[in-house]
Amino acid sequence: MDHTDDRAALAADVLDAPPVFDTPVGASTNTIGPEGASLDLLGLSIFATAPGPVRIDMKDAVPALVIMPDARLATDITTFRIDGQSFRPGAIETSRFDLHAPSPTFELDATNYGWECLIEIDEARLPLLAHETTDGEVRFRAPVEHGSDEALAQLASLTIDHLRGGGSDRLYVEGLAIAMTARAFDLTREPGRPVPTRGTDARIARALDYAEAHLDESLSVAQLASAAGMSPSWFAQSFRDVMGKPVHGYVRERRLERARILLGRRGLPIQHIAYACGFSDQAHLTRAFKARFGVTPAKAREEMS
């Protein structure tokens, strides 16, 4: 499909934009990175990268997954070189993903015409993401692997929207990062050993107990998976099958139910209730509470009188 008109409409604004990335020659990968979320326990860092010029010339590049979800747009590439080997000059149609292996040198000169989702990967922790299906072994097969997948594009779009909107739901972002990373590896490798999600009720129950005892903390999927004795990928899939909703959805519901109970304690400030229920601040609680119950916490407290 020809999307030339879509790119032409954006060309002036994009080309005049400041660089998304612009590293000094030979920079370390740690010197770059837009705003995003660092998911330390998973070994993943996830970013929403804006349209604009990209100029990268760095050493010791970490593995990464790049997803270009907007099928209307393309990335114009002038230089794409990994450890001295050139790849794919010209315009690259989306929706598409690239899975990059760690490399001694990485050079890229390009222009992005759409938002992209970038996941940087800690190679040492990658085998733990889905160790049941991979037997703890994950190897990169080539400097860069490509693919096109609508499910990945949809997950990337959700991630970009959440990060661009200033979203602070850590569990939601973690769930998306796990799903995207695991799916990219599934799509570029032979199918791993199948692991059923049935029969995991007792493991999920342990995670539920842990979540209930730590609702006031910044919970992570990795923590809950550890409590269940499962890898994050297997845990996330099993949780949805057993509970009928994703991890972030369940935890948010429990936090909101606890908040509604605590609102009955009239001497307890709403700001304190927000922190006690694991929300980042009162505004975060208010947005989530109104979306779930149709009224703000303050209004709900008035109606309890």
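The values are calculated or read from the model by the stated rules, or taken from the named source; none is laboratory data. Worth saying up front: this structure is predicted, and the values here are computed from it rather than measured. When we count neighbours, we look across all protein chains shown, and the Cβ atoms used for this are built from the backbone with ideal geometry, even at glycine. With ligands, DNA and RNA removed, areas are computed over all heavy atoms of the protein, side chains included. Shrake-Rupley method; radii C 1.70, N 1.55, O 1.52, S 1.80 Å.
Taking θ = phi - 60°, what integer Hz values does the Karplus form 6.51 cos²θ - 1.76 cosθ + 1.60 yield along region 147-156, in sequence order, with x for Gly and Pro?
So the Karplus estimates, Gly and Pro as x, are x, 9, 8, 5, 5, 5, 4, 5, 4, 5 Hz.
What order, most packed first, do the peptides 61-69, 287-295 have when packing is the mean number of other Cβ atoms within 10 Å of each residue? Kindly include the intermediate steps, with their values, before the conclusion.
Details: 61-69: 22.2, 287-295: 15.2.
Ranked from most to least packed, the peptides come out as 61-69, 287-295.
Can you tell me the accessible area per residue over region 227-286, all protein chains present, probe 1.4 angstrom, in square angstrom?
Value for region 227-286: 46 Å² per residue.
Run the quick spin-label model on E123 and Q85: label points 7 Å from Cα toward the beta carbon, then report their separation in nm to one decimal.
My value for the distance between the label points is 1.4 nm.
Report, ordered by chain and residue number, the lysines lying within cross-link reach of K245, taken as a straight Cα distance under 27 Å and ignoring same-chain residues fewer than 8 apart.
The qualifying lysines are K290.
Regarding region 102-174, what's the average projected area of the Cα-atom convex hull, expressed in nm²?
Working: hull surface 27.9 nm².
It is 7.0 nm².
For an R0 of 30 angstrom, estimate the FRET efficiency from the Cβ-Cβ distance between A276 and Q154 and round to the nearest 0.05.
Once the sixth-power term is evaluated, E becomes 0.30.
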